[in-house]
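Structure first, then comments.
Laboratory data are not the source of any read-out in this text; all were calculated from the coordinates shown. Since the structure is predicted, the reported quantities are computational estimates derived from the model, not experimental observations. Quick reminder, even Gly has a Cβ in these numbers, built from the backbone with ideal geometry, and neighbours come from all protein chains shown.
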Amino acid sequence: MPHITIDSFDTSKIVSGDYGETKLLFIAQDFFSEDEMLGVKIGEDTFLLQIKKSDAYWLLKHDKLTRPLDVNLVKQAIWDISIAFDLKVLNSNININRLQASLANAYEKGIEDFIDIEFPFESVSIEVGFGSGKHLIYQAQNSPTRLFIGIEIHTPSAQQVLRQVELLGIENIWVVNYDARLLLEMLPSNFMHRIYVHFPVPWDKKPQRRVISKSFLEESMRVLKKGGQLELRTDSHNYFWYALDTFLGEGISKTAIEIRKNEALEITSKYEARWLRQEKDIYDVYVTSASKSKPRILDFNFSFNNIKYEEKLLKQLPWKAVIFDDCFVHFERVYRVSQSSILLKLAFGSFDRPEHKYIHMDKNGTDYFSSMPVKTLTNHKAHLKIEEFLNV
């Protein structure tokens, strides 16, 4: 990802303002280290840049939590800041190519877009972890009246597919660079045609990170219309048996499953082709939604009711994770923006799919910085706990 290495400098000379295409909102000092954060905005995108400090050199780079999908925005912000404050650049990997095909913004969706979204197609399918996008694009081209939502947590893969969508002129793909487990909780019930999960990372040593779980199954069955299917395809013998145990295990009252082995699909990824040459077995598991689910009503928001920053807050916040029955809250870091303003970094929500966010507080009020949490019941329960901690 884009970054520059720079000589150390007096950061007090950095002041808010407009610099090139970048609006600098604030600079914030990490309470627990010498590092600093820059809040920036380009167009409609708000995100953070990080100044990482060492004795040899400093690093100006993106912040992972707030990074926009369009990497050129990060490049532009770093470039504008370096020029505006005459930073001595020792090394850079930034090459802003304005001739490069821009991302197909009409087909890029943020997680916040799904709060009150309207689907311009009567039929919708989802692919979780589309990788190179070969299967996603094939399905979209062969079913032009159906919308395909591709969800990919790996940013370079999402960027690559967005460019292909634009170059190929495909109008029935949306790309979401986020965790599919959280997005599913925001989608309406009884609406999806199919959910594809092809060759998910096995995570044999960290099974808690697997996308397939009891809660994922429950959400999939809720969002699928009656007769719709969750389709798992894997080359992992262990994952296949783990999935079966999940789909048929304790607490699952009713399941309709079909299993196939070494079934040939119309489209084959380069990875699958390699596994087939190695004569690896491929397993398919189809789980059919057998009944109609209750509507999902998310009648709440993530506002902070008249909570303002007070200095005594920093002495009262817990800096270890606080565990509740069905959620958790963990304040991780704090950054000083001014004497009356701070930026908090925290994790919260579900134990197996936590949310990571920043909260900005000052004398005027409190808000989530950059984007709101995913609108799930668990996140809202955690949000209410956060309000209690901040309301001093």
Worksheet item: Mind listing the phi-derived Karplus ³J(HN,Hα) values for the range 17-25, rounded to whole Hz, using 6.51, -1.76 and 1.60 with θ = phi - 60°, and x for any glycine or proline?
Response: x, 9, 9, x, 8, 9, 9, 8, 8
Worksheet entry | Residue-count net charge about residue 366 - beta-carbon cut-off 10 Å; Lys, Arg +1, Asp, Glu -1 | -2
Practice prompt. Set Lys and Arg Cβ to +1 and Asp and Glu Cβ to -1, take the dipole of the range 1-80 about its Cα centre, and tell me which of 57, 71, 22 lies farthest positive.
Written response: 71
Item to complete: Could you please state, rounded to a whole Å, how far the C-alpha centre of the range 174-224 is from the C-alpha centre of the range 1-39?
Response: 37
Worksheet item: What's the long-distance tail for the range 26-89, i.e. % of Cα pairs beyond 20 Å?
Response: 24
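Relative contact order, percent, of the chain when contacts are C-alpha pairs under 8 Å separated by at least 6 residues? Provide the component values of the computation, followed by the final result.
Details: 751 pairs, mean separation 52.2, N = 392.
Reported as a whole number, the value is 13 percent.
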Discussion item. Rounded to the nearest 5, what % of DSSP beta bridges with both residues in the chain are antiparallel?
Written reply: 75
Practice prompt. Please give the peptides 341-348, 278-285 ranked by average Cβ packing (other Cβ atoms within 10 Å per residue), highest first, as a rough proxy for protection.
Written response: 341-348, 278-285
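Over 25 Å between C-alpha atoms is what I'm after, so list which of 75/381; 254/381; 206/357; 52/205; 294/357 land there. Present the calculation step by step, with values, prior to reporting the outcome.
Numbers: 75/381 37 Å; 254/381 29 Å; 206/357 23 Å; 52/205 31 Å; 294/357 30 Å.
Distance filter (> 25 Å) returns 75/381; 254/381; 52/205; 294/357.
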Fill in: Whole-number D in µm²/s for the range 149-193 (Stokes-Einstein; Kirkwood sum over Cα pairs; 20 °C, 1.002 mPa s)
185
Practice prompt. Would you work out the relative contact order for the range 3-92, in percent, from Cα pairs under 8 angstrom that are 6 or more residues apart?
Written response: 34
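Given the alpha-carbon gyration tensor of the chain, what are the semi-axes of its equivalent ellipsoid in whole angstrom, ordered largest first, with each equal to the square root of 5 times an eigenvalue?
On the way: eigenvalues 304, 142, 75 Å².
Working from the Cα gyration tensor, I get semi-axes of 39, 27, 19 Å.
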Discussion item. At 7 Å along Cα-to-Cβ for each site, give me the label-to-label distance between residue 306 and residue 385 in nm.
Written reply: 2.6
Worksheet item: Charges only on Cβ, +1 for Lys and Arg, -1 for Asp and Glu: so what's the dipole of the range 313-390 about the Cα centre, in debye to the nearest 20?
Response: 260
Worksheet item: Suppose every K and R has +1 on its Cβ and every D and E has -1 on its Cβ; what is the size of the dipole of the range 3-92 about the Cα centre, in Debye to the nearest 20?
Response: 160
Response to the item:
Extend 7 Å from the Cα of residue 241 along its Cα-to-C-beta direction; within the range 206-235, residues with backbone N under 20 Å of that point are 206-214, 232-235
Worksheet item: Can you put 335, 138 in order, fewest other beta carbons within 10 Å first?
Response: 138, 335
Worksheet item: Ranked highest first by the average count of other Cβ atoms within 10 Å around their residues, in what order do 168-179, 372-383 fall?
Response: 372-383, 168-179
Response to the item:
Plugging the Cβ-Cβ distance of residue 271 and residue 106 into 1/(1 + (r/R0)^6) at R0 = 25 Å yields, to the nearest 0.05, a FRET efficiency of 0.30
Worksheet item: What's log10 of I(q)/I(0) for the range 105-288 at q = 0.14, 0.19 Å⁻¹, Debye sum over Cα points only, no solvent?
Response: -0.77, -1.46
Discussion item. Ignoring everything except DSSP H segments at least 4 long, calculate the 222 nm mean residue ellipticity for the chain; use -39,500 (n - 2.57) per segment, divide by total residues, nearest 500.
Written reply: -6500 deg cm²/dmol
Worksheet, complete the sentence: Toy charge model, Lys and Arg Cβ at +1, Asp and Glu Cβ at -1: the range 1-157 dipole around Cα centroid in debye, rounded to 20, equals 480
Discussion item. Loop-only GluC sites (Glu not before Pro) in the range 1-45, please: DSSP not H, G, I, E or B, and at most 11 other Cβ atoms within 10 Å.
Written reply: 44
